[in-house]
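A short write-up of the structure that comes next.
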Amino acid sequence: MSYSAGLSLIQLPIEILHGICYYLDIPDILRLRRVSRYLHRVSHDRDIWSDAYRNAEFFHPPGPFLSQSAHDLENVLISSFRVDRNIRWGGRTAQEERSILKLRVKEVLCTGLHPCVSLVFGRFLLIAFSEEIHCHDLNLDVFNSNSGASIIYRSTGVTVRSFHCVSAIDIEGRPFACVVLNEATEWASPGKISIYSLNLGDESDMTLDLLHQFEYSVFNIDAVDLGPRVIVIQGYDSDAHRFLVALDVHARIQYLLPSYTHATWDATEITLSKAFPTSTHLLLAQSFYTRAAGWSTFFQAFALPLPDAHRRLTSTLTSISPSHRGIIPGINVRETVLLHDSILDPPTQDVFIAIRVHAFEPARPLPSKHGIVHLHTSRDHEVGTIAFELLGSLGQFSQTPFLHPSFDGTGRVFYALESGSYGIVSALEYDLHASSGDDDELEAKITEHPCVLRTSTPRTLLDYDPYFGRICLQSGVGSQHSMIEVFDLAL
């Protein structure tokens, strides 16, 4: 009897191996490359990791983008897979094993009792002082040491009054970040608002490059929001007049927006304004409460011009008028955030934007939900109308702040809780595209993880990276022994 010899894996053509790898998960692809040199070379092909990126069912950053190499895609997927695995395991690992950086809080610039710190790109920890900004590379071995910090900003004759750092992914899929500093010689004197871009150099060193700077008169910053194109700075002057400044970093235009406080004489409470910068519009919202109608929100939208890389930043403010306006009853935009970038409907030229809101229900807390802001373009009127469709719930923790926006409809949120003498860090993941309920049009897929990290004492959450699982906590708030600590869920 004769037997026909079959082909082994190392004899298969690359196209066939690509088809096999399409159905493998991340650990199996990594095991496959250990079989032979041929399979090791094949497993580094970009098409394999592009398919794995698209097929991955765990939470990961947006992509794949053309600017990402096979090595980039592989590193991101492996890290995201580890974070997802450890989050699902819960707080089984002792918290000391996940701590990668400990720093004593001394002379750190603070907002209230919280030090001004920020996690950037899942790798760098920025800490602001009154005259300097320190940067820690979390990929280096700097545990329990200040030796790993580099100084990326040092003031000359001015004092930093406030520090804000925001990051996003631009319209071409590249991550970028901005630092906004309030600088002045004295606390009561005029100063400058400086907007810097954070850039990673060839030697993996972080630098601050000045984007724009403008003077002000006792300007106080209370909110900074960054979208795929526009950074929005909000604050007030010594006369309590509100200011809104928007800088389009792609079109290189600085905008001056009109006041959008809704004049309601019987309003008993008015929230601070909220900005939602998207790739096509800047959406502004402010909620107000009346005894007769409860909570309502006044929306205004401003259409952004097409990006022009050759246009230089203007030295004066460019005023723009709203393209859409409307009042929506029954919702509050407190602690809200952008959940999906603007989507254009070509036939009607209408725009849809997904945001988080709190729905008003009498005698009940304001539950966290998501909804769609509909910018309706009218051919008969210069200013279009705004409608709103309230959709499903976003988890049981209604008042939990969402610190970072999302532009693709998926996101992960960390929040800190107390459990007796211990501290608990929990997580919430949402996907607006995948329903978990009976009605696909009303419910987003929500996954809640009650305990992803347990600490020996209660901690305050300062910042987190939603993709790479790094969490910055503070212990001993307000005491002389206050400490900043970073935990890594990818370990």
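The values are calculated or read from the model by the stated rules, or taken from the named source; none is laboratory data. As the structure is a computational prediction, the values presented were derived from the model and not from experiment. Note that we place each Cβ from the backbone using ideal geometry, even for glycine, and neighbour counts take in every protein chain shown. For accessibility, only protein heavy atoms count, side chains too; no ligands or nucleic acids. Shrake-Rupley method; radii C 1.70, N 1.55, O 1.52, S 1.80 Å.
Numbers at a glance
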read-out: Neighbours by Cβ (under 6 Å, 6+ apart or cross-chain): first from the stretch 170-182, modelled with pLDDT under 75; second crowded, with 21+ Cβ neighbours inside 10 Å and part of a strand (DSSP E or B); value: none
read-out: Candidate set: the stretch 183-217, residues that are in contact with a strand residue (DSSP E or B) (Cβ under 9 Å, 6 or more places away or on another chain), open to solvent by 20 Å² or more (accessible area, probe 1.4 Å) and aliphatic (A, V, I, L, M); chosen: the one modelled with the lowest pLDDT; value: Leu200
read-out: Residue match in the stretch 474-490 (condition: open to solvent by 20 Å² or more (accessible area, probe 1.4 Å), modelled with pLDDT of 90 or more and closer than 17 Å to Gly423 by Cβ); value: no
read-out: Test for Leu366: is it at pLDDT 90 or above, open to solvent by less than 30 Å² (accessible area, probe 1.4 Å) and either more than 26 Å from Val166 (Cα to Cα) or in contact with a His (Cβ under 6 Å, 6 or more places away or on another chain) (or both); value: no
read-out: Pairs with Cβ under 6 Å, 6+ apart, first in the stretch 36-49 and within 15 Å of Phe65 (Cα to Cα), second open to solvent by less than 30 Å² (accessible area, probe 1.4 Å) and not in a loop (DSSP other than H, G, I, E, B); value: Arg46/Ala70; Ile48/Cys21; Trp49/Ala70; Trp49/Leu73; Trp49/Glu74
read-out: Counted residues, the stretch 245-279 - those being at pLDDT 70 or above and of a type in the set (Phe, Trp, Tyr); value: 2
read-out: Count - residues of the stretch 453-468 that are over 13 Å from the mean Cα position of the chain (by Cα) and surrounded by 24 or more Cβ atoms within 10 Å (Cβ to Cβ); value: 2
read-out: Test: residue in the stretch 152-169 that is at pLDDT below 85 and under 22 Å from Ser406 (Cα atoms); value: yes
read-out: Boolean, Ser287 is buried (at least 23 other Cβ atoms within 10 Å of the Cβ), without any contact (Cβ under 8 Å) to a residue 60 or more places away in the chain and hydroxyl-bearing (Ser, Thr, Tyr); value: yes
read-out: Count of the stretch 9-27 residues which are hydrophobic (A, V, I, L, M, F, W, C) and assigned to a loop (DSSP other than H, G, I, E, B); value: 2
read-out: Test result for Arg454, modelled with pLDDT under 90 and among the basic types (Lys, Arg); value: yes
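Every residue, every condition in (1) closer than 26 Å to Thr410 by Cβ; (2) of a type outside the set (Lys, Arg); (3) at pLDDT below 85; (4) open to solvent by less than 40 Å² (accessible area, probe 1.4 Å), yes or no:
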{"position": "Arg34", "(1), (2), (3), (4)": "no, no, no, no"}
{"position": "Tyr38", "(1), (2), (3), (4)": "no, yes, no, no"}
{"position": "Gly63", "(1), (2), (3), (4)": "yes, yes, no, yes"}
{"position": "Glu97", "(1), (2), (3), (4)": "no, yes, yes, no"}
{"position": "Ile100", "(1), (2), (3), (4)": "yes, yes, yes, yes"}
{"position": "Arg104", "(1), (2), (3), (4)": "no, no, yes, no"}
{"position": "Leu113", "(1), (2), (3), (4)": "no, yes, yes, no"}
{"position": "Leu119", "(1), (2), (3), (4)": "yes, yes, no, yes"}
{"position": "Asn144", "(1), (2), (3), (4)": "no, yes, yes, no"}
